[in-house]
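Written out below as structure tokens is the structure these notes cover.
The numbers here are math on the coordinates, done by the rules we state, and not lab data. Everything numeric here is computed off the predicted structure, so don't read it as measured data. Every residue, glycine as well, gets a Cβ built from its backbone with ideal geometry; the counts of neighbours run over all protein chains shown.
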Amino acid sequence: MTFYEDLSPYAEEPEDTFWEGEGTRVVTFTPRYTRINIGWLAADHPFAVGSPPPGFVEQLDRILHGQYVNPALGTHPCELCDTADDATPRAPRGGSEIRVPASPTEVYAAPFLISHYVQAHRYLPPRPFVDAVLACHDTWRNGPPAPWLPDDAQRLDFEADD
């Protein structure tokens, strides 16, 4: 995974693609909101550590299990587990991102492994992100709320596999 400094501008993908409803609906669009990097860690870059406030991990996990943004064509293992002395042969893997609204015009863009980083490696995201996660409403669990979607968003529906 590529390292990005926390709170730096996101430039990984020009568009955002949200998989919704257990992967049966895809919405792709060029975002009109500004995306801000959070949690793009790498073993050769230091990061803040500490304990998050009560309820943060649970709310972050709710967001993670309701959003799949910009899914990759594969997954990557946790680089921090691969370099740790107590590394396990099966490091957790991630292959997508999440979005957390920061304001009406900004969102935080984080890798799917962010909860693992917080829980297993004591990564402490910047306070503005922590506050945004704690304030995140359920309308963002399955993708962006309709007012954020531009009129020209491409929507594709797929048949669910039986």
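With a ≥ b ≥ c taken as the square roots of the eigenvalues of the C-alpha gyration tensor of region 21-67, please select rounded if a/c is under 1.5 and otherwise prolate if a/b is larger than b/c or oblate if it is not?
Values: a/c = 2.30, a/b = 1.44, b/c = 1.60.
Oblate shape, in that a/c is at least 1.5 and b/c is the bigger or equal ratio.
Cβ under 14 Å from Ile38's Cβ, Ile38 left aside: what net charge do those residues give with Lys, Arg +1 and Asp, Glu -1?
Working: positive: Arg35, Arg99, Arg127; negative: Glu5, Asp6, Glu12, Glu97, Glu106, Asp131.
Summing Lys/Arg as +1 and Asp/Glu as -1 gives -3.
Search the structure for amide H atoms under 5 Å from the amide H of Asn37, placed 1.01 Å from N in the peptide plane, and list their residues when 5 or more places away or on another chain.
HN-HN under 5 Å from Asn37: Leu7, Ser8, Tyr10, Ala109.
At a temperature of 25 °C and a viscosity of 0.890 mPa s, determine how fast region 26-138 diffuses translationally according to Stokes-Einstein, using the Kirkwood radius over alpha-carbon pairs as Rh; express D in µm²/s, rounded to the nearest whole number. Before the final figure, lay out each step's value.
Values: Rh = 14.8 Å.
In µm²/s, the coefficient is 166.
Can you work out the Karplus-derived ³J(HN,Hα) for every residue in region 56-63? Use 6.51 cos²θ - 1.76 cosθ + 1.60 with θ = phi - 60°, whole Hz, and x for glycine or proline.
The phi angles translate into 5, 4, 5, 5, 4, 5, 4, 5 Hz.
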